[in-house]
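The values are calculated or read from the model by the stated rules, or taken from the named source; none is laboratory data. All of these numbers come straight from a predicted model, not from anything done at the bench. Note that we place each Cβ from the backbone using ideal geometry, even for glycine, and neighbour counts take in every protein chain shown. Ligands, DNA and RNA are excluded from the accessible area calculation, which covers all protein heavy atoms including side chains. Shrake-Rupley method; radii C 1.70, N 1.55, O 1.52, S 1.80 Å.
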Amino acid sequence: MATVVCSGCGNQDDRSARFCPSCGQPMAESREEKTDVFELSEMLPHEQDRARFPLNCGLFVIESGPKAGARYGLEAEVTTLGRHGDAGIFLDDVSVSRQHAEVKRTGDHYVVADAGSLNGTYVNRVRIESAELHDGDELQVGRFRLVFFHGTAN
């Protein structure tokens, strides 16, 4: 959207008003391009995500699928993934079974197991029945790709 600038007082307005809300003078459109400014972070991808969860906690970040960008801490002993409303991580898509998979936490180890899903559960693009998760592993459940991070990883 173009910024509108008052010829009388120099007030800028993004609402495309015809008259300045400050002084009442006619507004003139500026041809200046507006862009958002973002600060570059020195942190590696997902380092900020890790900082939001307890030190010894696993974390899933949905990388692709309808909920891309969502983050889930794996603080419970067992976290279920599926299309059922009671799932710990609710993934609402027909490619996901109601009770698709579960992640069990034992100390600081996480093991994912398929729960008899129709489309299967994949870790690093390999179909699994059960597999231990390591920092950076990719879990695929239906159309969703979740990346696993361990809170203590450096």
**Prompt:** For 112, 94, what's the largest-to-smallest order of accessible area, 1.4 Å probe?
**Reply:** 94, 112
**Prompt:** For residue 119, which sequence-distant residues (separation of 5 or more, or a different chain) have an amide H within less than 5 Å of its own amide H, given hydrogens modelled in the peptide plane?
**Reply:** 97
**Asked** Considering amide H positions built from the backbone, and no H for Pro or chain starts, which residues 5 or more places from residue 110, or on another chain, come under 5 Å of its amide H?
**Response** 133
**Complete:** Summed over the other residues with a beta carbon less than 13 angstrom from that of residue 97, with K and R at +1 and D and E at -1, the charge totals -1
**Request:** Counting only heavy atoms of the protein chains, get the accessible area per residue of the range 106-154 (1.4 Å probe) and round it to a whole Å² value.
**Result:** 52
**Prompt:** All other residues with a Cβ under 15 Å from the Cβ of residue 118 taken together, and with Lys, Arg as +1 and Asp, Glu as -1, what is their net charge?
**Reply:** +1
**Carbon and sulfur %, accessible surface of the range 88-154 computed with the full protein complex present, 1.4 Å** = 46
**Complete:** Per the rule of 0.36 nm per residue minus the C-alpha distance, extending residue 92 to residue 68 adds in nm 7.4 nm
